[in-house]
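Peer 1: The structure's right below; bear with me while I get my questions together.
A short reminder: the numbers here are calculations on the coordinates, not readings from a lab. Since the model is a prediction, treat every value here as computed from it, not as a measurement. Don't worry about glycine lacking a Cβ; one is built from the backbone with ideal geometry, like all the others, and counts go over all protein chains shown.
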């Protein structure tokens, strides 16, 4: 479990100190899927970097607790415990072949050669990228590049994967492909997932959603609870899905009409009325 | 006045062994004051197409006509065309260079010889259009903003030049839902009040359904559909074949039909759908 305790982060600018995040308390259980939403500038990416250990909090702590064990507490080791995948794959691919790119992080760990080869082979297989092993990454599609970026992170064997708007530059087909891959990593390997996103369908796969507004956590709840609260929706820079707005409209006549978040849910609920 | 493409081909590495048709036989007509969506999967030629509209690329064959100018590699022609067609690229914030947001947004206006007062006015107006308070943001450095705020500054820097045609390549990728809606709503009001033509390249079908009256669908460098956005999304099979998704209102109408609901809702924009649902609900209530 990753445990954030009263995490604050501030940066110094020419105009003085700016508080980016303040007093964030979060618990991310192993193997869970969480989403982080919030308006542009609310501190989502900063939070992602704090959770992954790339940034250190100004005050408070980010710690790693083995599940069911409150004794062994360690700090998150950057790049090892929590892998971070960014928005633009072109900014995170460094090598001339897919294989070398994936091996880059491992080389920095000074792992034995055989172990590196084994791990690279494993993640290529896991993500279905074997046929691209010797490919130059820049020749791949956006979705494939993003999978290579994920592969490079996975090779480090993290227990959590954070996607910082990792699909927002992809077309729908590529986006689905990347999301399916991520969900599979969660269900098959038990890797915990944190999705920083503006996209509704990515919020809906999470069991818990953190809503950031002005550097503070405005809500930490299920997607349904978040969308039930108009104040939180507004604070989080979210827009209610059409199906939810339609549900509220139905409630004007059927007061116990459920809050539906997808068209399919809405259709089912409607048909149960008839 | 309009933008017209007549049988345009664009071939990368033409004549070389690896020549590649990025665009093939594209014919298009975009009317003044239209709000047109350009959609299609990655690699379908969307960005190549829009780069033809202000002479960043020149067609291998066929003509691109902006108003009455044929786009060609001549200084005077290009100057005229670029004065009329502005493009907001993908990741526009990668091109920031100025020390303050004011300087960033004013840069294009100054290049076009705006007076000091005109620059001031255009910059302030453009910032308000993208929903950033000019007083607060103009003195800041563009590099200290969040990603979404940077995107809006980049859009403002093009809008400020006051061109007739504004082309935006994925302008809302990475914006929060509220800002997305705000930016597009402002573009729509710019279209209505200043008769600006908006050409929107997007992967987000909900925003295309909401804002674009017409849509151009590209697949492997050819136009597979051009016409009313509604007609396109009603053809679910074509939408799927071109690698796209149905917008939520069309999915909703379809899901209701499939489960045999008596509620018949209108697809299209959010308001259109909700209005029709409201009518259905009150009819049912009266029965």
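Peer 1: So how tilted is helix A:113-126 from the main axis of chain A? Cα-based, degrees 0 to 90, rounded to 10.
Peer 2: In chain A, helix A:113-126 runs at an angle near 30 degrees to the longest axis.
Peer 1: Can you give the FRET efficiency for residue A:268 and residue A:104, using 1/(1 + (r/R0)^6), R0 = 41 Å, r = Cβ-Cβ distance, to the nearest 0.05?
Peer 2: FRET efficiency, residue A:268 to residue A:104: 0.30.
Peer 1: I need B:257, A:44 ordered by Cβ neighbour count within 10 Å, fewest first.
Peer 2: B:257, A:44
Peer 1: Then there's this: Given the range A:181-274 reduced to its alpha-carbon atoms as identical point scatterers, what log10 I(q)/I(0) does the Debye formula return at q = 0.10, 0.14, 0.15, 0.22 Å⁻¹?
Peer 2: -0.32, -0.59, -0.66, -1.10
Peer 1: Mind giving me the FRET efficiency for residue B:193 and residue A:180? R0 is 30 Å, r the Cβ-Cβ distance, nearest 0.05 is fine.
Peer 2: Once rounded, the FRET efficiency stands at 0.10.
Peer 1: Where does the Debye-calculated log10 I(q)/I(0) of chain B sit at q = 0.07, 0.12 Å⁻¹, using only Cα point scatterers of equal weight, no solvent?
Peer 2: The Debye formula, applied to the Cα set alone, gives -0.30, -0.82.
Peer 1: Here is a follow-up. Given only helices, namely DSSP H runs of n ≥ 4 each adding -39500 (n - 2.57), what is the per-residue ellipticity at 222 nm of chain B, to the nearest 500 deg cm²/dmol? Please list the in-between numbers first.
Peer 2: Working: 12 runs with 124 residues, N = 287.
Helix-only estimate at 222 nm: -13000 deg cm²/dmol.
Peer 1: In peptide A:235-246, what is the residue-averaged number of other protein chain Cβ atoms found within 10 Å of each Cβ? All intermediate terms of the calculation are to be shown ahead of the outcome.
Peer 2: Working: counts 0, 3, 9, 3, 7, 2, 5, 12, 5, 0, 4, 12.
Per-residue shielding by partner chains comes out at 5.
Peer 1: With an 8 Å cut-off on Cα pairs and a minimum separation of 6 or more residues, tell me the relative contact order of the range A:65-140 in percent. Before the final figure, lay out each step's value.
Peer 2: Details: 41 pairs, mean separation 23.7, N = 76.
Reported relative contact order: 31 percent.
Peer 1: Return the single residue from A:241, A:57, A:137 with maximal mean-square fluctuation; model: Gaussian network over chain A, springs between Cα atoms under 10 Å.
Peer 2: Among A:241, A:57, A:137, the largest GNM mean-square fluctuation belongs to A:241.
Peer 1: Note the full-extension length gain between residue B:236 and residue B:275 as 0.36 nm times their separation in residues minus their Cα-Cα distance, in nm to one decimal.
Peer 2: Numbers: separation 39, 0.36 × 39 = 14.04 nm, distance 2.29 nm.
Going from the current span to full extension adds 11.7 nm.
Peer 1: What do you get for the angle between helix A:242-251 and the principal long axis of chain A? Use alpha-carbon atoms, 0 to 90 degrees, nearest ten.
Peer 2: So the helix axis and the longest Cα principal axis differ by about 30 degrees.
Peer 1: Further, regarding this structure: Please report the spacing between the Cα centers of the range B:108-132 and the range B:227-254 in Å, no decimals.
Peer 2: Taking the Cα centre of the range B:227-254 as reference, the centre of the range B:108-132 is 38 Å away.
Peer 1: Let me ask something else about it. If you fit an axis through the alpha-carbon atoms of helix A:98-108 and take the longest principal axis of the Cα set of chain A, what angle between them do you get, 0 to 90°, nearest 10?
Peer 2: 80 degrees
Peer 1: Quick one: if you stick a label point 7 Å off each Cα along the C-beta vector at residue B:99 and residue B:118, how many nm between them?
Peer 2: 2.6 nm
Peer 1: OK, next. Kindly put A:198, B:124 in sequence by how many other C-beta atoms sit within 10 Å of each C-beta, fewest to most.
Peer 2: So the ranking, lowest neighbour count to highest, is B:124, A:198.
Peer 1: Right, another one. When the Kirkwood radius is taken over all Cα pairs of the protein assembly as shown, what Stokes-Einstein diffusion coefficient follows at 37 °C and 0.692 mPa s, in µm²/s?
Peer 2: 129 µm²/s
Peer 1: Here's something else I'd like to know. Which order results if B:101, B:26, A:33 are arranged by neighbouring Cβ count within 10 Å, fewest first?
Peer 2: Values: B:101 28, B:26 24, A:33 20.
Ordered by Cβ neighbours within 10 Å, fewest first: A:33, B:26, B:101.
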